[in-house]
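Student: Structure incoming, see below.
The values are calculated or read from the model by the stated rules, or taken from the named source; none is laboratory data. In this text the structure is predicted, and so the values were computed from the model without any measurement. All Cβ positions, glycine included, derive from the backbone under ideal geometry; neighbour counts span all protein chains shown. Note: areas computed on protein heavy atoms with side chains; ligands, DNA, RNA excluded. Shrake-Rupley method; radii C 1.70, N 1.55, O 1.52, S 1.80 Å.
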Amino acid sequence: MAAPVLTSLYKTAFVTGASRGLGRAFAEMLLAEGVRVWGTARDARRLDQWDQRAGFTAVVLDLRDGALAETVFARAAEQAGGFDLVINNAGYGIFADALESSADVWHGQIEDMLQTPLRIGRLALRGMAMRGRGCLVNVSSLAVEFPIPYMSGYNVAKAGLSAWSESMAYELAGTDVAVIDLRPGDFRTDFNRAAERAERGVNRSRMQAVWLRLEATLDASPLPERAAADLRRALLRRHRGVLRTGSFFQARLAPLLVRFAPGSWRFASQRKYFGLK
Ligand SMILES: NC(=O)c1ccc[n+]([C@@H]2O[C@H](COP(=O)([O-])OP(=O)(O)OC[C@H]3O[C@@H](n4cnc5c(N)ncnc54)[C@H](OP(=O)(O)O)[C@@H]3O)[C@@H](O)[C@H]2O)c1
């Protein structure tokens with residue numbers, strides 16, 4: 001029997017944050033399978049790499065303007081004749097002390113990383129529900145289970161996104177519309193380089209130690225192509241719900257330990273891991 005191909009299930013896809021990192025790997029994987037991809041970045045020039053690529057349409061989208069993001073998405077969906085697959089991937093981190101930095105910093109991050117993906121996700125699911133099929137992939141994080149110190153806004157946004165994915169799974173149960181709550185561990189991308197950092201205040205040296213740990217982990221982590229291959233397999237078997245991807249330890253062992261070990265163990269091991277005395 002011939003192996004199933006993605007285009008038998010998904011002919012069109014919308015991928016946010018396709019200019020680099022995980023989003024780029026997802027878009028590459030889909031194009032290689034013959035799926036038509038609408039990929040986004042904040043600046044069209046960052047999508048020059050896709051210029052002339054058959055099947056790719058560049059879209060300018062900034063998470064910071066949620067209402068405009070909805071309009072941009074709706075326009076692209078109309079052009080595509082509806083999306084079979086939407087990957088809510090774009091995102092960034094803010095590394096700062098929760099108590100020392102302005103509340104606006106955190107509100108902004110939650111707005112960009114939670115509210116806007118929810119706006120796009122809702123529109124995507126409405127379109128899929130009308131057509132009776134499709135899949136929404138919300139790119140969350142292992143940070144839902146292992147929150148990263150000094151990235152509280154990020155942790156909150158990802159936890160909210162995962163909670164929304166699960167809520168939608170209940171509301172869409174029994175239909176052919178699926179939601180995948182994708183939780184990557186660390187992947188070698190520009191994520192740390194692009195993060196907004198504010199290491200100051202009384203906790204400066206603690207923050208520096210945590211940052212060094214984050215840098216070291218990311219440098220030693222798998223390439224985004226692995227996440228794309230895991231996602232491809234999950235899409236082909238029409239997976240729904242949580243999907244973990246990453247190193248063996250982060251994607252398999254750590255979540256298992258979380259499930260069976262007491263919360264105090266997780267807290268103590270996280271503290272030790274980040275050198276937080
Ligand atoms: N790398 C990891 O270890 C890791 C682990 C868990 C989860 N994740 C999640 O995976 C997703 C992709 O991250 P990545 O590692 O691939 O990071 P990355 O290499 O920094 O890529 C981020 C992508 O998001 C876009 N983006 C950033 N801020 C945006 C904004 N305000 N509005 C619109 N687009 C924006 C960027 O596009 P521009 O060209 O416009 O900058 C870029 O395409 C994120 O949601 C991240 O939280 C990553």
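Student: Do the conditions hold for residue 84, that is, is it buried (at least 19 other Cβ atoms within 10 Å of the Cβ), in contact with a strand residue (DSSP E or B) (Cβ under 9 Å, 6 or more places away or on another chain) and not aliphatic (A, V, I, L, M)?
Tutor: The answer is yes for residue 84.
Student: On to the next question. Does residue 71 satisfy being out of contact with any strand residue (DSSP E or B) (no Cβ under 8 Å at 6 or more places or on another chain), more than 14 Å from the ligand (Cβ to nearest atom) and open to solvent by 50 Å² or more (accessible area, probe 1.4 Å)?
Tutor: Criteria met by residue 71.
Student: Condition first: more than 15 Å from the ligand (Cβ to nearest atom), in a helix (DSSP H, G or I) and touching a residue at least 40 places away in the same chain (Cβ under 8 Å). Now tell me which residues in the range 3-29 satisfy that.
Tutor: 6, the sole residue that qualifies.
Student: Would you point out the residue of the range 226-269, among those that are of a type in the set (Lys, Arg) and more than 19 Å from the chain's Cα centre (by Cα), that is nearest to residue 174 (Cα to Cα)? Reasoning before the result, please.
Tutor: At the first step, the residues of the range 226-269 found to be of a type in the set (Lys, Arg) are 226, 232-233, 237-238, 240, 244, 252, 259, 266.
Among the residues that remain, those that are also more than 19 Å from the chain's Cα centre (by Cα) are: 237, 259, 266.
Details: 237: 16, 259: 27, 266: 35 Å.
Ranking the qualifying residues of the range 226-269, first place goes to 237.
Student: Related question: For the range 174-201, name all the residues that are without any contact (Cβ under 8 Å) to a residue 60 or more places away in the chain and farther than 26 Å from residue 20 by Cα.
Tutor: Taking the range 174-201 first, the residues without any contact (Cβ under 8 Å) to a residue 60 or more places away in the chain are 174-177, 188, 193.
Answer for the range 174-201, where residues must be without any contact (Cβ under 8 Å) to a residue 60 or more places away in the chain and farther than 26 Å from residue 20 by Cα: 174, 175, 176, 177.
Student: Show the residue pairs meeting these rules: Cβ distance below 7 Å; 6+ apart or different chains; first residue within the range 47-68 and within 11 Å of the ligand (Cβ to nearest atom) and of a type outside the set (S, T, N, Q); second residue open to solvent by 70 Å² or more (accessible area, probe 1.4 Å) and part of a loop (DSSP other than H, G, I, E, B).
Tutor: Short answer, once both residue conditions are applied: 60/42; 62/42.
Student: State which residue is farthest from residue 256 (Cα to Cα) when the search covers only the range 141-189 and only residues that are away from the ligand (no atom under 16 Å from the Cβ) and hydroxyl-bearing (Ser, Thr, Tyr).
Tutor: Going through the qualifying residues, I end up with 175.
Student: Tally time: how many residues in the range 190-205 are within 25 Å of residue 46 (Cβ to Cβ) and either within 16 Å of the ligand (Cβ to nearest atom) or open to solvent by 40 Å² or more (accessible area, probe 1.4 Å) (or both)? Spell out how you get there, then give the answer.
Tutor: At the first step, the residues of the range 190-205 found to be within 25 Å of residue 46 (Cβ to Cβ) are 190-198.
From the residues that got through so far, the ones that are either within 16 Å of the ligand (Cβ to nearest atom) or open to solvent by 40 Å² or more (accessible area, probe 1.4 Å) (or both) too are 190-197.
Going through the range 190-205 one residue at a time, the tally reaches 8.
Student: Could you please tell me which pairs satisfy a Cβ distance under 8 Å, a separation of 6+ or placement on different chains, a first residue in the range 77-95 that is more than 14 Å from the ligand (Cβ to nearest atom), and a second residue that is among the basic types (Lys, Arg)?
Tutor: Matching pairs, first to second residue: 80/36; 82/131; 84/11; 84/133.
Results for (1) at pLDDT 95 or above; (2) open to solvent by 10 Å² or more (accessible area, probe 1.4 Å); (3) of a type in the set (S, T, N, Q), shown as yes or no for each residue.
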position: 95; (1), (2), (3): yes, no, no
position: 99; (1), (2), (3): no, yes, no
position: 114; (1), (2), (3): yes, yes, no
position: 127; (1), (2), (3): yes, yes, no
position: 135; (1), (2), (3): yes, no, no
position: 138; (1), (2), (3): yes, no, yes
position: 150; (1), (2), (3): yes, yes, no
position: 160; (1), (2), (3): yes, yes, no
position: 164; (1), (2), (3): yes, yes, no
